[in-house]
Amino acid sequence: MSDEQSIQKDDAVETEQMERHTKLSIFMHWFNAACWLFLLATGIGLIRNADLQPVGGWWTDMMRGIFGGGANLLLVHEIVGVLWAVVFLVYVIAKAKEVVPFLKEIFTIDPKRDVLWLVNKGIQMTLGYKALYKLDGILKGRFGYKPEIPDQGFYNVGQKMFAIPSILGGVVIVVTGVIMTASNVMLENTAPVQWAILIHFLTVGFVFAGLLIHVYMASIAAGERPAFISMFTGKVPEDYAMHHHKLWYDEVREGR
Amino acid sequence: MSSSNINRPISRRNFLKWSGAATAAAAVGTGQPKVLHALTAAEGAAKGKDTAEKVFSICGMCLNKCGLIARVEDGVVAKLDPNPKFLKSRGMLCARGNAGIAQLYDPDRLKYPLLRKGKRGEGKWRRVSWEQALDYAAEQMKTIAEKYTRCGMLFSPGSDTQSQFVHRFASVFGSWNVVTHESNCLISRNRAYLDTFGEVPFADVLHSKYIVMAGANRFEALITPDSIDLMTARKNGQKLVVLDPRYTKTAALADEWHPVRPGTDLAFFLALAHVIINEKLYDADYVAEKLSGMEELTAHVQPYTPEWAEKETEIPARHIRRIARELAAAAPASMIYPGRRTSDYVNSTQIRRAMAIVNALLGNWDQPGGLLAARQVGLNSPSLPDAPWYDDNMMERADHGRAHMMFEEEGSFKHMRDAIIEGEPYPVKGWFTYKLNPMQSGANRAKTLKMIEGLDFMVSVDIAMSDTAWMADLVLPAPSYLERLDPISGLQGSAACACVATRVPAVPALFESRPVLWILKELANRLDLGEYFDFDMEWYRKEQLKDLPDAEKALAEDGVYYNPSKLYGIYEGKIYRTKSKKIELHNVRYKEMGLDPIPVYTPPKPIPSDKFRLVLGRNAMFTHCTTNHNRLLNQFMSENTLWIHPDSADRLGIGDGDPVVVKSPVGRESLKAELKPGIRKDTVYMASGWGALSKGLSGVHNTGACVAALMEDYADALSGNMAMHETFVSVARKGAA
Amino acid sequence: MLKRIAILLLGLGLIVTMTAAVMAADMGNERKGKYLFRKNCRACHQDGQSAPALNPDSKTQAQWERIFEKKKYEDFECAAEWVKLSDSDKADILAYVHGHAFDSPSPAKCK
Amino acid sequence: MKTQLAMVVDSTLCIDCKGCMAACKVENKVPDGHWRNWIKTDGVDFSMGETFSRMHFQPGNCMHCDVPTCVHACPTGATYKDEKDGVVKVDDRLCIGCGSCIPACPYGARYRHPEKKIVDKCDFCDHRRARGDLPACVITCPTKARAFGDINDPDSDVARMLKDNKTVRVVNRESDTRPNIYYMGATAPLNWPVKAQAPTPIRWWGDWAKQLVWAVVGINALGVLAMLGKQLFVNDPEPGHESDSTDGGKPVETEETDHE
C-alpha cells in the first residue's frame, strides 16, 4: 500500500493528470452512494414479515431501535428517498448538458468489442491472464476470439453493465417508491401499491447485486485505485487513462 | 364549520410526511431531527391527560329520554356514551342515541330564520333576522286572532321536553286547538286502559314470565326499559308470543310467531277471555273483589270460542287455547303487552280494551310481572300566572264531537285536519308547529297539503327542514337537544325507574338556532302576553326541584336522581279511577254513551283479491319520520322498500329489487320491492319517513316512498286516533301497468 | 215477579245515569271552569297555602256533584268566595272538576 | 399468563338494533359506508312452519386472532399483535396503505380508510381503554350481548363465561386463525368467513422473490470472492505490459506485479 502511494506521488510529478469528473458529478456520486446505503439499510429494516425479510428480524429490530420505531423509520426512509429522487431530478434538469452526453455514453454499446471485453475481463479478474491464453488455445480464433481485452471508452462496458441497470433500476425504485409513498395520500386502488412493493424489493435486490461488483472493482480490485481516487479528485493519471480507457484517452488527445 | 368535525379524520402522518420531505429537501441536515422531535412531542400529547369535558344529558333522538354522558373535546361533542347509573335505559344507548352527534352536526340543519319567498312548498326562502321573523309571526297571529278569534290558531307541539311551553303558549294565547303527535300514535291504547283500569299502565316486562305481544314490536320499536327488560327476562326463562302479520325482529326472537290476519286481534283476545273464563282459569276471589262486570263478560264471550277465532285470525284454535292456559298458569306474572302505537284500525280502542280485559282476568294489575301504576317522582310544577280568559273566543275545540272520547291535551290530527279543511265549526287559519312532522306522520298527505293550502299563516320551529317545515311560511331554527338547557324530566313507571333526569347543554346552540321557549317568550312579548312568560329556564328548573332537596346534588354527580317509592301494591286498599271504582271489564260509561261496554267483534273489511293491506311498522334506526336523513343512521338503510311475500310477488311478476308502483285511493308512490318470506301474502309493508318533499333533507328527498301519501285517513271511533292499517293498495311492477 | 223488579231497578238505574249524563251536559263550560277554578279556588287550595290542595281528580264525579248541589257554601271556610260566584260560574267550575274528576275519562290535576 | 383481550358474545341477546355499529362509527370516526363492526344474520327458513321459527343475529368485529393472517400479510409490521394486550393493531404511521392485509382477514374486518388511505379496523377502542373506558360497542349495547375482558385472567367475566358455557369460534376451515371472539351456545351464521389470502405480489415475494434476490446477490458475491481470491493469492502478470501497442497485449502494471 505505502509503496503504491509513494510511487503514485512520484508519478504525479511526471505523469500528466486528466480531467475525468466534475466536482458536481463527484458530489452526485457520493450523494448517491450515501443515499443508497442509507435507504438500503432503512428499507430492509422496514420489512417486518419474517417470510419477506431477507436478512432477518434482528436487522428490523436494530433499525427500528436506532430510529425509535418503525413509523419513524418509514418516515425517514421516505424523506431520504424523496430527497434522493428530488436531488437527482434537479441535477438531471439543471445539468442536462452534462447528463445527456453521460447517458449517451452509458447507453452506447459496441456489441462485438464489448462482449469480448466482458468475457475476457471476467476471465481475467477471476481466473487470470493465463486462462485467456488457454481459452485462445482452445478456440484458435474461432468466433473471432482474441485473448486480448479490447480497448474501452470513457466507461468500460463493465461499468456500463452496472450503470445501465442502476439508472433504470433507480428510476424503477423511485417510481415504485413514489407509488408506495403516494399510496396513503392519493391512491384509491391498492393493487399498484402491492405490485410496487414487490418490484421495489426486486429491483433493489438486483441493483444491490451489481453494486457488490461495483464496490469491489472500484475500491478493492487491483489496478483500479486511480479510478477510486478520481472519485475524490476528479482526475486520473494519463497512463491510467491510456491503459483503462484507451478510446477516451485518444479522443481527448486528439481533441486537445 | 363544526359539521366537518365528524368523519373527517386529519392524517397527521401524511401532513408530516410531505412537509417533512419538503423541509428535508430544502435544508438537508436540519430537517430530519426537527421532524423527529415534532413526532415525539405529538405522541406525548396524544398519550397525555384526558382533557375532555363530560356532560350529563338525556337523549332526545326519540322520546325515551335515555341517560347519556356527552364527551366534549375542544368544544366539540366527540361521543355520546350511556350513563351507567341511568336505570330507565339500563345503561345503554341505541343506534339513534349514538347518532345524536350526527343530528347536532347535521349539514342539513336549519341555520337561521327563513321566510317563504315563492309559493308554499316551492322551496324558495329568504333569510331574515330573528327580529323580522318574530315581528312577522306575532303580527300574523294577531291578525288571525282578530279575524277568526284566538281559536283560529292551531298549535302542534312535538314530543319534546320543551313542548310543554307550546301548550302553555296556546292556552295563554287563548286557543283550545292543540294537536300533538299522540293522535297519530297511541291515544287509543291510553283510552282503552284508562277506561279499564282508570290509568295508563307501565308494563313490568322484567318480572313477567309470559308475554303475549300483539301490535307491538318491542325489539325494533325500542322503548326503555321494556325492550331491554324483555331480553333480560327472556334469558331468565320468560316466554314471548308474538302476533304480527310481519316477521319482525321481535317475532324472530320470540318463542312463537303467529302471522295473524291483520285486524283480527280482537277475535284472538276475546277467545283468550273465553278460554280463561270457561275453564275457570282466573282467581275467583280476585275477580269478585277487584273486577266489575264479570257476569256480563262471561255471557259476552260465549260465542267467541277458539274455533271461531281460528277462522277469523288464522291462528289454530289449539294454539289459542294453549296460550290462554299458559298465560293463566303464569298469572299474575303474565301479561298482554299494552303496546304503544295503536293507530291501526277504526276500532283500535276496543281492540286494546279486549287486551286490557284479558290483563284484568290475569289479575296482573299492580303486581310483579304485570301492569304497573304510575309513581310520583316528586317534581314540583312551577307556579306560573294563570292563563287569561278571553270572552270573545270559541268555546270548544274545532275537532270537538268528532270522536266519542277525545283527549283535551292531544286532540285528533285526523279530525282537526278535517275540521280545518271544512271550515267547520269555525275557521282555523294559523298553524304553529314545533318539532312535529304530520306531513310524514299523519295518514293521507294529500289532505294535509290541502289543509295547509287553506291557511293564512304557518310557522314551523324545527332542527332541520322537515316536510312540514317545508310547507310553512316561516321556518325558525331550533337547537338540538345537545345544545339546550331543558326542564327537569320526571321519568316514572316500570320497575326501577321513578327518577328525575336533567338535560344541560353539551355545547352552545349552533348557528342562529334558538330554543322554543325563547321563541315563545319573544312572541308573547310582542303579543302583550309577556307577563305570562316572565321566567327563565334556570328558575323553572329550580322550582321543579323545590321539593327534592337531594336532587340537585345527585343530578350533578350522576345525571339522575331516584326518589324511592313503592313499586307494587300501590292500589292496596284503594279504589280505581273508574265509574264503578273497580277494574271495568264492562265499561259503565261506554254503556251510558251508547257504546259497546265490552268489545264486540267486527271483522275487518275484506281485502280485495287484487289488493294488499298496507301496514306500518318501526325499526330500531328511525324515530317515526325524523331521523331517516341522519347521516349515520341513513347508512343502515338508505331507502325504504316494499316488503312483499315472494309468492305474491311472483304472481305479479315482481322480482327482488324490482321497482314497483304502489297505488291507494289517495296516492301513488314508487319504490323497490323486497321479497320477504316473513310477511303475510295479503299484506305489504314499508318503513315510514322516506319520499320526502323537502329538498332540505338530503338522503330522503325523492328517495323511496312516502307511506303517509298512500295511507287513507280512517280514525278510531272512540279516541279519534288515526287508523293507519285500513288502506288497501295495489302493487305493480313499474312500467308493467 | 223478580224479573219485574229487575226491570224496574234497571229502569231506575237508567233514569239516574241519564240524569247524570244530561246534567253533565248542562254543567257549563269546562274551559271557563278551569279558568275560574284557578282564579277562585286554587289561590288557597294548593300546597303551601291556607287550604288543603284541591285538584279535579281529588274527588269522584259523584263527590263533586254533591258538593256543588248541596249549596251549603256557608259550611265552607271560603263561603265568602262562593257567594261572589254567579250560578253560571259555578256551573262552569263544576263542569271542569267533573270532567277531570278521579273517576272521569281523563282524571287530571290543575296545572 | 399473557393478557389476551377478548369478547364473549351471547348472540342470542342481540336484537340487531345497530347500536354497537353506530357507537363504533362515532367513536372511531369511521367514514361513510365503512364499518369496523357488524351484525350478521341468517336467513329464516319457514319450511318447517312459521310458529316456532327463529332468526339469529351475530354481532362481530375484528377477532384479534391468535394466528393473525393479516399480520402475516403485512410487509412492514404496521399491523401487529400487541404483546401487551393481545390486540391486533394498526400503526397508522407505519401503514403504507397497501391493503395486503385486507384479503388476508377471513372476516372482512379490515377496510382501507378512504381519506387516511391506510387500513383501519377495530382495536377494541384502544384510546378508550387507555382512559379506563370499555370499548364503545360493549358499553352501548342495550342487551349487553358483548362481554369484554382478559381471557387469561381467571377472575374476568369473559374467562368465567368461557368456563361456564359452551362456546364456539366462527372460523374458516382452511384458515383457522384462532379468533378471540367467542360465541355462546348456538350462534349463526357460521359459514361466512372466507379463506385468508395475501395478494399475489406479497405471496410471490415470500414464495420466490426473496430467494431470487438472494440468488442474484449470491452469484455476484461469489464473483467478487473469486476476484478477491485471485487478486490476493494468484500472481497473474499481464503479458506485454511494456509494449505500448494498441492492438497487442495490455500494459502490465509494474507496481502491481512488484507488489505481489
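Here are a few things to note about the model shown:
- Annotation: per residue accessible area for the stretch D:5-198 equals 37 Å², rounded to a whole number [probe 1.4 Å, protein chains only].
- The convex hull defined by the C-alpha atoms of the stretch A:20-94 has an orientation-averaged projected area of 5.9 nm².
- Solvent-accessible area, 1.4 Å probe, carbon plus sulfur percent, for the stretch A:100-233: 74 percent
- Measuring how big the stretch D:90-159 is from its alpha-carbon positions, Rg and Dmax come out at 14.9, 41 Å.
- Calculated FRET efficiency for the pair residue A:58/residue D:168, C-beta based, R₀ 30 Å, to 0.05: 0.15
- Accessible surface for chain B, divided over its residues, is 35 Å² per residue with a 1.4 Å probe.
- Inter-part distance where the stretch A:164-200 and the stretch B:398-423 are each reduced to a Cα centre, Å: 72 Å
- Over all pairs of different C-alpha atoms in the stretch B:480-546, the reciprocal of the mean inverse distance, the Kirkwood hydrodynamic radius, equals 13.7 Å.
- Low-density loop positions, trypsin sites (Lys or Arg not before Pro), the stretch B:597-635 - DSSP coil, at most 15 other Cβ in 10 Å: none
- The Rg/Rh ratio of the stretch B:202-370, with Rg taken over Cα atoms and Rh as the Kirkwood radius over Cα pairs, comes to 0.93.
- Dipole of chain D [Lys/Arg +1, Asp/Glu -1 at C-beta], most positive-end residue of D:184, D:125, D:67: D:184
- The trypsin sites (Lys or Arg not before Pro) of the stretch D:66-120 that DSSP puts in a loop, and whose beta carbon has at most 10 other beta carbons within 10 Å, are D:84.
- Directionally averaged projected area (chain A, Cα convex hull): 18.2 nm².
- Accessible area buried by the pairing of A and D, both sides summed with a 1.4 Å probe, works out to roughly 5100 Å².
- For the stretch D:57-102, a reduction of at least 50 Å² in accessible area between the chain on its own and the assembled protein chains (probe 1.4 Å) is found at D:72, D:75, D:93, D:94, D:96, D:98.
- Residue B:117-residue A:168 pseudo-label distance in nm [points 7 Å out on the Cα-to-Cβ vector]: 6.5 nm
- Here chain B is assigned +1 on the Cβ of each Lys and Arg and -1 on the Cβ of each Asp and Glu. Its dipole about the Cα centre then comes out at about 2100 debye.
- Kyte-Doolittle at least -0.5, axis length at least 30 Å by Cα - qualifying DSSP helices, chain D: D:210-233
- According to the calculation over all Cα-Cα pairs in the protein assembly as shown, the P(r) per 20 Å bin from zero is 9, 30, 27, 15, 10, 6, 2, 0, 0 %.
- 19 Å tail of the calculated P(r), the stretch B:122-273, as % of Cα pairs: 70 percent
- Gap separating the Cα centres of the stretch D:42-64 and the stretch B:343-383, nearest whole Å: 33 Å
- Counting Cα-Cα pairs of the stretch B:673-737 in 10 Å increments starting at 0 gives whole-percent bin shares of 17, 38, 35, 10, 0.
- Treating each Cα of the stretch D:5-198 as an identical point scatterer and summing with the Debye formula, the log10 of I(q)/I(0) at q = 0.09, 0.11, 0.17 Å⁻¹ comes to -0.32, -0.48, -1.17.
- Cα centroid separation, the stretch C:51-111 to the stretch D:148-171: 66 Å.
- Kirkwood Rh in Å, taken over chain B so that all alpha-carbon pairs contribute: 27.4 Å
- Count Lys and Arg as plus one, Asp and Glu as minus one, and take only other residues whose Cβ is under 10 Å from that of residue D:85; the net charge is then 0.
- For the residue pairs B:579/C:111; B:546/B:582; B:65/D:18; D:25/D:166, the C-alpha atoms sit more than 25 angstrom apart in B:546/B:582; D:25/D:166.
- Averaged over peptide A:206-212, the number of partner chain Cβ atoms lying within 10 Å of each residue's Cβ comes to 5.
- You can think of it this way: the chain between residue B:51 and residue B:285 has 77.9 nm of extra reach, that is 0.36 nm per residue less the Cα-Cα gap.
- Across all directions, the shadow cast by the convex hull of the stretch B:258-355 built on its C-alpha atoms averages 6.4 square nanometres.
- Positive-end residue of B:508, B:580, D:137, charge dipole of the protein assembly as shown with Cβ unit charges: B:580
- A simple spin-label model places pseudo-atoms 7 Å from Cα toward Cβ; at residue A:178 and residue B:126 they are separated by 5.6 nm.
- Long-range lysine pairs (8 or more apart or interchain), chain A, Cα under 17 Å: 20
- Counting all C-alpha pairs of the stretch B:517-635, share separated by more than 19 Å (%): 80 percent
- Panel values: the stretch B:424-498, Kirkwood radius from alpha carbon pairs, Stokes-Einstein at 37 °C and 0.692 mPa s, translational diffusion coefficient 225 µm²/s.
- For the set A:225, B:651, B:71, solvent exposure ranked by accessible area (probe 1.4 Å, protein chains only) runs largest to smallest as B:651, A:225, B:71.
- Excluding ligands, DNA and RNA and using a 1.4 Å probe, chains D and B jointly bury around 4000 Å² of accessible surface, summed across both partners.
- At R0 = 51 Å, FRET efficiency that the Cβ-Cβ distance of residue C:84 and residue B:568 yields, to 0.05: 0.65
- Apportionment of accessible area to carbon and sulfur, the stretch B:224-333, percent (1.4 Å): 49 percent
- Rounded percent of accessible protein surface that carbon and sulfur make up, chain D, 1.4 Å probe: 56 percent
- Counting every alpha-carbon pair across the stretch B:348-394, the share separated by more than 17 Å comes to 64%.
- Förster-model FRET efficiency, 30 Å R0, residue D:157 and residue D:52, C-beta, rounded to 0.05: 0.40
- Relative contact order %, chain B, counting alpha carbon pairs below 8 Å whose residues are six or more apart: 19 percent
- Share antiparallel - DSSP beta bridges, the protein assembly as shown, percent rounded to 5: 60 percent
- Rh (Kirkwood; distinct C-alpha pairs) - the stretch B:623-737, Å: 14.8 Å
The values are calculated or read from the model by the stated rules, or taken from the named source; none is laboratory data. Since this is a predicted model, take the numbers as computed values, not measurements. Backbone-built Cβ (ideal geometry, glycine too); neighbour counts: all protein chains shown. Remember, those area values only see protein heavy atoms, side chains included, never the ligands or the DNA or RNA. Shrake-Rupley method; radii C 1.70, N 1.55, O 1.52, S 1.80 Å.
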